[in-house]
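Written below as structure tokens is the structure these notes are about.
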Amino acid sequence: MCGIGGVFRASGAEGVDPQLLVNMAAIQAHRGPDGFGIESIEGVGVGFCHARLSIIDLNESRGRQPFLSEDRQVLMAHNGEFYDFQRIRADLTAQGMRFSSKSDSEILLRLYQQQGLEQTLPLLRGEFAFALFDRQQDCLYLVRDRFGVKPQYWAMTPDGLVFGSELKVLFAHPAVERRFTSAGLFHQLMQTMVPGTTAFAGVHQVKPGHVLKVQRRNGGLEVSEWAYWDVNFPRQADRDRNLDEAHHIASVRSALLEAVELRMVADVPVGCYLSGGIDSCSILGLASAVSQSPVKAFTIGFDDARYDESPIAEEMAQATGAQQDVMRLSGRELYGHMEQTLWHTERTIYNTLAVAKYLMSRHVNSVDYKVVMTGEGSDELFGGYPAFRRDMFLHGLDDLADAERARWESVLQDSNALVQGAMLAADQVDDPALAAVVGFTPSCLQPWLACAPLVPDLLADDHRQALDGYSPGQAIADQLDPEQLEGRHALDKAQYVWIKTMLEGQILTWGGDRVDMAHSMEARPAFLDHHLAEAAVQVPPELRIKGKTEKYVLREAMAGLLPEVLYKREKFAFMAPPAHTEPEKWQQMKRLADDYLSDAAIDAAGLLSKAGVRALFARHEHPATTDAERVQMDAVINHLLGVQMLHRMFVAADLPEMARQEADRLGWHAPAPIPV
């Protein structure tokens, strides 16, 4: 698990500054503190950099990237992990291929040399983002894993295409513009991003499961992209109804066990994140059964008992013999570290759970762990979120009586009152553009679509005017693949939309890679193994949510190792207490607002409306405002703070100079050219 970056010039005659590549590695040294590497091919106009976190093959000289093939035809840099690499390496070795390292990354280079990219991609299992330059084809490939666990950004500039694992890597290059777009600003304030976009002008993401090809031709660079994999729920008419419940339970259990086993492979200890949910408890239970020694389990506890799951986590740790490490947090720590967290997330956050996870990864690093397995992806694959149950009740149960449907929804809203305004909208929101593509407005997007009407009054005049007539729902709908929605069950559609929006844009970003790698910690989400995903989509909707029980098939698959209280428990949305729920936390937030949302700060950034910000705070504090409205407005306030922080960090600051200074501090410098 590492950080990568690079430059691809429009002309092969144009070189790439080696120290600039070093600077691009240095500004992401938190991703790879164990060393750096740069590589370019003379006279070709391409250069890659790599910051290394040593997990597989700790030998610094063998595992150093970027890798350049012996014939100097293929240049490669890889961030992430490939699982099952030992078997692939052994198979290729038996066929006569020779390896120079024990690194999992090298299998990519050798597979590509043997059979090309199209045939290589199906063989890659894991979380990854990589860049590969083929000299013979004179093109660059940027590839991202199937769910988007690992990030990959790119921008086209007058100096060529610049790419990297984080926005700051791109911004270390002086040719990359650092400016908010009006639409990007809008989506930062409403939480949900348009897939494939960022908040910044000209800066894009490689989409999950996609290949970006950059072909050099006639003195220019031509960009194309295609999907090599997608979450493919069967059409309702194509489902195999002969497969019974026992088959699906066994299939899920087998696939999850294999995913956990593969993710236990490392040359350093592997721990687990442990909340009080089915997901992480299942991971810990299987990891403990696989391991010959006790597994280290890391738990976040909140001082507000309404949001704290640590008692159930402690019960699970005792049942498995795990060595549990509980880190307790209060409002003081959460808002006190928001600025450092956003430096790494590079996008706004609606809840300070991102800060809690940032602090947890720091703690994990401090006790000398580099790798943990996590539970992300379970809710997405098995229908765990309250929004999925709501869509199932409303749109997926044709034979349910209207009165019973209304009663079920009422129970759902009551049991999730704490997260109304965040996980569930307080009131129904219908978006015609989304309804046209999906068939209904997915409940997972409704809390954030409900925020959208608040946004225009919060924007500075020029941004508000630029967005006249803008439809955020239309922008999101345009990026969904209708082919993957047509003929599917309502629950399939709801899960697919979440995977394409909230999973990649939120959970795997500010709730995953960015806060984990902030402290050089690799997270391995076993549920996002694509073999497990391909088993999960075969589970019929009525076994994912059976009656009122979410994740039914997973509960049954893991029943033997889950504590009884957890086996019977309804899904609890894991989030930090919102600011308004704790006086101390509210005051911490207000102190940040006094700085970032002062009149002077708002004027300096030119993003927000002073009057709009003041009106939002006044409405928040009005006695008539409901708790659900305050949860929603807490999220918007966090976003307001966030865009101001991002402006100060990434627009107002001199990122190329910061990167140069960081390289100097680390003592990372380009090697002197070898005299000819």
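The values are calculated or read from the model by the stated rules, or taken from the named source; none is laboratory data. Note that the structure is predicted; figures quoted are calculated from it, not measured. When we count neighbours, we look across all protein chains shown, and the Cβ atoms used for this are built from the backbone with ideal geometry, even at glycine. Quick note on the areas: whole protein, heavy atoms, side chains included, nothing else; ligands and nucleic acids left out. Shrake-Rupley method; radii C 1.70, N 1.55, O 1.52, S 1.80 Å.
Here are a few things to note about the model shown:
- Qualifying residue in the stretch 247-265 (condition: outside any helix (DSSP H, G or I), touching a Pro at 6+ places or on another chain (Cβ under 9 Å) and crowded, with 23+ Cβ neighbours inside 10 Å): no
- Wholly enclosed helices (runs of 4 or more DSSP H) of the stretch 466-576 bearing at least 2 residues over 24 Å from V252 (Cα atoms): 472-477
- Of residues in the stretch 79-114 being in a helix (DSSP H, G or I) and small (G, A, S), the one surrounded by the most Cβ atoms within 10 Å (Cβ to Cβ): A90
- Leading residue by the ranking (surrounded by the most Cβ atoms within 10 Å (Cβ to Cβ)) among those in the stretch 184-226 that are at positive phi and either in contact with a Gly (Cβ under 6 Å, 6 or more places away or on another chain) or free of Cβ contacts under 8 Å to residues at least 60 places away in the same chain (or both): G202
- R648 open to solvent by 30 Å² or more (accessible area, probe 1.4 Å), touching a helix residue (DSSP H, G or I) at 6+ places or on another chain (Cβ under 8 Å) and under 27 Å from V429 (Cβ atoms): no
- Condition broken by L140, with the remaining ones in (1) open to solvent by 10 Å² or more (accessible area, probe 1.4 Å); (2) over 21 Å from Q28 (Cα atoms); (3) not hydroxyl-bearing (S, T, Y) satisfied: (1)
- The stretch 267-295, residues that are surrounded by 17 or more Cβ atoms within 10 Å (Cβ to Cβ) and either among the aliphatic types (A, V, I, L, M) or touching a Cys at 6+ places or on another chain (Cβ under 6 Å) (or both): V270, L274, I278, I283, L284, L286, A287, V295
- Taken as a whole, the structure leaves A628 outside the set of residues that are surrounded by fewer than 18 Cβ atoms within 10 Å (Cβ to Cβ) and more than 25 Å from the chain's Cα centre (by Cα).
- Pair list, Cβ under 9 Å, 6 or more apart: the stretch 600-619 residue free of Cβ contacts under 8 Å to residues at least 40 places away in the same chain and farther than 14 Å from D462 by Cα, other residue part of a helix (DSSP H, G or I) and not charged (D, E, K, R): F617/A593; F617/M633; F617/I637; R619/M633
- Among (1) in a loop (DSSP other than H, G, I, E, B); (2) within 30 Å of M156 (Cβ to Cβ); (3) open to solvent by 50 Å² or more (accessible area, probe 1.4 Å) - the single one W229 does not satisfy: (3)
- If you filter the stretch 479-504 down to residues that are out of contact with any helix residue (DSSP H, G or I) (no Cβ under 7 Å at 6 or more places or on another chain) and buried (at least 22 other Cβ atoms within 10 Å of the Cβ), you find that the one that is farthest from I349 (Cα to Cα) is K500.
- Checking L449, L459, L445 one by one, the residue that is over 28 Å from A605 (Cα atoms) and either more than 25 Å from the chain's Cα centre (by Cα) or of a type outside the set (G, A, S) (or both) is L445 and no other.
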